[in-house]
Amino acid sequence: MKRVSQTSKPFSNQIHNPASIAPALKTIAALRTAAHDCKGCDLWETGTQTVFGEGPSKPQIMFVGEQPGDQEDRLGHPFVGPAGKLLDRALEEAGIDHSKVYLTNVVKHFKWIAAARGKKRIHKKPRYSEINACRPWLDAELRVVKPQILVCLGSTAAQALLGRTFSVTRQRGQLIPAPLAPVVMATVHPSSILRAPDENARHQQMQAFINDLKIVAQLARKAKAA
Ligand code: URA
């Protein structure tokens, strides 16, 4: 009897070098399909799946975070866990329609380590080599989406896209001249607000985040009217 290979994915589907594939693809759907089998770095081994960017076909604003979290990894969609829910609330308060934004991450697999006790998976910051390996997907998303406004959420995204010396603490809310989009800004990552030490600090950090997003909303209205 003929033996059937137990490997679930044929080798030809596996992408070891996204830079050789991503630049030629012209739609987010094609990029998402290709990225599904990405093995450009080692994170595919521990991540459940590639979590690619999502949004409408012609979004005005693109938000870039660090990497999918635990829930995003399980569900396969960006910003659907606690940080995503906080982002949703802040977008609403700032008057930005969530359905009109494209959400993605610098790294498309969840990097984690097992908690000392229990089954919890603890988020681990990606290395530069992992960020660089994943970068062709993000560059391709920027090329296809062509956002009018690009917002980096947190220092991993900001430093990946705006340079390693970029300081979110000092430069948040400022317009940064960059060739990535007509308007480029960075603000904090929503998960930093979740880590605030107490309710008062959380409230203040949330208000500051909403204020940054209100600048984005204003710029979006201005760009639309122009
Ligand atoms: N944090 C991120 O940076 N991205 C997500 O998609 C979720 C949490």
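Every read-out reported here was derived from the displayed coordinates using simple, explicitly stated rules and does not represent laboratory data. All figures in this text were calculated on a predicted structure; none of them were measured in a lab. Note that each Cβ is placed from the backbone with ideal geometry, even for glycine, and that neighbours are counted across all protein chains shown.
Size estimate for region 13-225 follows the Kirkwood approach: the inverse of mean 1/r over distinct Cα pairs works out to 17.4 Å. Relative to the dominant Cα principal axis of the chain, helix 199-225 is inclined by about 90°. For region 66-91 versus region 150-178, the inter-centroid distance based on Cα atoms is 20 Å. For the peptides 129-137, 15-23, 63-71, the ranking by packing is 63-71, 129-137, 15-23, with the highest mean count of neighbouring Cβ atoms within 10 Å listed first.
Short-range pairs are left out: with C-alpha atoms under 8 Å and at least six residues apart, the relative contact order of region 13-225 is 22 percent.
Summing charges over neighbours of I176, with a neighbour being any other residue whose Cβ is under 13 Å away from its Cβ, gives +1 when K and R count +1 and D and E count -1. Under 16 Å of direct C-alpha separation, and excluding same-chain neighbours fewer than eight residues apart, K120 reaches these aspartates and glutamates: D70, E72, D73.
Given R0 = 25 Å, the distance between the Cβ atoms of N211 and K85 translates into a calculated FRET efficiency of 0.80.
Which value at 222 nm does the chain reach when only helices count, each DSSP H run of 4 or more adding -39,500 (n - 2.57), with the total divided by all residues and rounded to the nearest 500 deg cm²/dmol? After summing the helix terms and dividing by residue count, I get -12000 deg cm²/dmol. On the principal axes of its alpha-carbon atoms, region 100-226 has extents of 55, 39, 29 Å, going from largest to smallest.
Checking the Cα-Cα distances for K58/K85; K26/K108; K146/K224 against a 21 Å cut-off, the pairs over it are K58/K85. Grouping the Cα pair distances of region 82-169 into 5 Å bins from zero gives a pair-distance distribution of 3, 11, 18, 21, 21, 15, 7, 3, 1, 0 percent in increasing distance order. Beta bridges from DSSP with both residues in the chain: antiparallel share about 25 percent, rounded to the nearest 5.
Report, to the nearest 10°, how far helix 82-94 tilts away from the longest principal axis of the Cα atoms in the chain, using its own Cα long axis and a range of 0 to 90°. Tilt of helix 82-94: around 40 degrees.
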